[in-house]
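J.: Structure in structure tokens, see below.
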Amino acid sequence: METAFVTLHVGAGTFQPVRVEQIEDHHMHSEWLEVGQDVVDAVTACRARGGRVIAVGTTSVRSLESAARDGELKPFSGDTDIFIYPGRPFHVVDALVTNFHLPESTLLMLVSAFAGYPETMAAYAAAIEHGYRFFSYGDAMFITRNPAPTAPQESAPEDHA
């Protein structure tokens, strides 16, 4: 096992609920991050030996995926406004350790994009049933990337005839 460290200066907007009707209309605030050449080298070596890239925390996911926006992980230092929601592809991360996030948060949407919406909702239902603790100082979960995650289905318009 090898570790590598990224930096992301998390802003308060990360924890705010999404307040738009269409998820694509939500815009993230900008946050500064750094993914160094040492991280790129560690990920490359991991892939070469058939290993998995496991991100610890959604900030690590956002950092790595920001540095790989064009599909290839490269060193990056600067601002990102990446918003990861269902339908967005992942280029770097294979598994994730994270806590249970607030409803309607960008972080819950990231987890849903990673694992699939139905799978995420099932995990949350099980967590509630078993009394798990939520939010930043609660219980954690290990999630492997779903190769074909599904988004929530839109409700059919009600018939008002």
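The numbers here are math on the coordinates, done by the rules we state, and not lab data. In this text the structure is predicted, and so the values were computed from the model without any measurement. Heads up, the Cβs are rebuilt from the backbone with ideal geometry, glycines too, and the neighbour counts pull from every protein chain shown.
J.: With a sphere of radius 14 Å drawn around the Cβ of MET1, what net charge do the other residues whose Cβ falls strictly inside it have (Lys, Arg +1; Asp, Glu -1)?
T.: Value of the local net charge: 0.
J.: For Cα pairs less than 8 Å apart in space and 6+ apart in sequence, what is the mean separation divided by the residue count of the chain, i.e. the relative contact order in percent?
T.: Numbers: 266 pairs, mean separation 37.0, N = 161.
It rounds to 23 percent for the chain.
J.: Using a Gaussian network for the chain with springs between C-alpha atoms less than 10 Å apart, which of these wobbles most: ASP94, ASP81, ASP70?
T.: Maximum among the listed residues: ASP70.
J.: In nm, to one decimal, how far is the GLU21 label point from the SER77 one, both placed 7 Å along Cα→Cβ?
T.: The two pseudo-label positions are separated by 4.4 nm.
J.: Something else: Is the stretch 18-91 rounded, prolate or oblate when judged by the Cα gyration tensor, a ≥ b ≥ c being the square roots of its eigenvalues, rounded requiring a/c under 1.5 and prolate requiring a/b larger than b/c?
T.: prolate
J.: Using the number of other C-beta atoms within 10 angstrom as an exposure proxy, rank MET1, MET121 with the fewest first. Numbers along the way, then the final one.
T.: Working: MET1 5, MET121 14.
Ranked by crowding around the Cβ, least crowded first: MET1, MET121.
J.: Taking the Cβ of each residue in ARG133, ARG145 as the centre, tally the other Cβ atoms inside 10 Å and list the residues starting with the fewest. Let's see the in-between values first.
T.: Numbers: ARG133 12, ARG145 16.
So the ranking, lowest neighbour count to highest, is ARG133, ARG145.
J.: Given the alpha-carbon gyration tensor of the stretch 73-160, what are the semi-axes of its equivalent ellipsoid in whole angstrom, ordered largest first, with each equal to the square root of 5 times an eigenvalue? Provide the component values of the computation, followed by the final result.
T.: Numbers: eigenvalues 110, 79, 34 Å².
Rounded to whole Å, the semi-axes are 23, 20, 13.
J.: Per residue of the stretch 134-139, what does 6.51 cos²θ - 1.76 cosθ + 1.60 with θ = phi - 60° give for ³J(HN,Hα)? Whole Hz please, x for Gly and Pro, Karplus curve as stated.
T.: Couplings: 9, 6, 4, 10, x, 6 Hz.
J.: Measure nothing fancy, just the Cα-based angle from helix 117-129's long axis to the longest principal axis of the chain, in degrees from 0 to 90, nearest 10.
T.: 80 degrees
J.: Next up: Would you mind ranking VAL97, VAL61, VAL20 so that the residue whose beta carbon has the fewest other beta carbons within 10 Å leads the list?
T.: Numbers: VAL97 14, VAL61 26, VAL20 9.
Placing the least packed residue first, the sequence is VAL20, VAL97, VAL61.
J.: Suppose R0 equals 35 Å; then what is the FRET efficiency for GLU34 and ALA127 from their Cβ-Cβ distance, rounded to the nearest 0.05?
T.: Values: r = 33 Å, r/R0 = 0.93.
Efficiency computed from Cβ-Cβ geometry: 0.60.
J.: Here is a follow-up. Please compute the length gained on full extension between PHE5 and ASP139, using 0.36 nm multiplied by the number of residues separating them and subtracting their Cα-Cα distance. Walk me through the numbers on the way to the answer.
T.: Values: separation 134, 0.36 × 134 = 48.24 nm, distance 2.24 nm.
The PHE5-ASP139 span can extend by a further 46.0 nm.
J.: Size of the chain along its principal axes in angstrom, Cα-based, largest extent first?
T.: Taking the Cα atoms of the chain, the three principal extents are 61, 34, 29 Å.
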